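First up is the structure itself, then whatever we jot down about it.
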Amino acid sequence: MPETPRLPRALARWRLALPLGLLALSAASCGGDDAPELGSPPAGDVTITADAATFTPDEVELPSGREVVVVLEIQDGGLAHNIHFPDVSGDPKTRLEKGPRYQTLTVAFDEPGEYRYVCDLHPTMRGVAVAT
């Protein structure tokens, strides 16, 4: 019966070390709930939360004919988000940032109607502001 070739000793060590290293890296990336507390949100007319590539709520009612302050609460520590109102005059939006953090944005809805809001980095994150 022919003898089975043996792996060189250094290669055999790598075969053991690589899975163990990947396992340790995976466990470290899971982490716990170590995110710092945000405290109370800044004053605003509405607070919208960005978490897990979703806006909550995805529909808000706001007044038209005056400026309103939208507070974005970014809960994702690993994903950057922003809020952008592409249909509003002046193209108002916040910067893309990772959380946890708050952002504020002043928006003026000149006319009653529906105005969409989106995250520039995640096209499935969208909602609508109904200006009355």
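The values are calculated or read from the model by the stated rules, or taken from the named source; none is laboratory data. If you're wondering where the values come from, they're calculated on a predicted model, not measured in any experiment. Glycine also receives a Cβ, built like all others from the backbone with ideal geometry; neighbour counts cover every protein chain displayed.
As for region 85-101, it holds no residue that is hydroxyl-bearing (Ser, Thr, Tyr), exposed (fewer than 15 other Cβ atoms within 10 Å of the Cβ) and either in contact with a helix residue (DSSP H, G or I) (Cβ under 8 Å, 6 or more places away or on another chain) or not in a loop (DSSP other than H, G, I, E, B) (or both). Quick one: what pairs do we get from region 115-132, first residue over 18 Å from Asp51 (Cα atoms) and at pLDDT 95 or above, second among the aliphatic types (A, V, I, L, M) and outside any strand (DSSP E or B), C-beta under 8 Å, 6+ apart or different chains? The qualifying pairs are Tyr115/Val88. Looking only at region 102-127, residues that are more than 16 Å from the chain's Cα centre (by Cα) and not in a strand (DSSP E or B) come to 4 in all. Being surrounded by 16 or more Cβ atoms within 10 Å (Cβ to Cβ), of a type outside the set (Val, Ile, Thr), without any contact (Cβ under 8 Å) to a residue 60 or more places away in the chain and at negative phi: is that true of Glu73 here? The answer is yes for Glu73.
Just to be sure, is Thr94 among the β-branched types (Val, Ile, Thr) and free of Cβ contacts under 8 Å to residues at least 24 places away in the same chain? Here the answer is yes, as Thr94 does meet what is asked.
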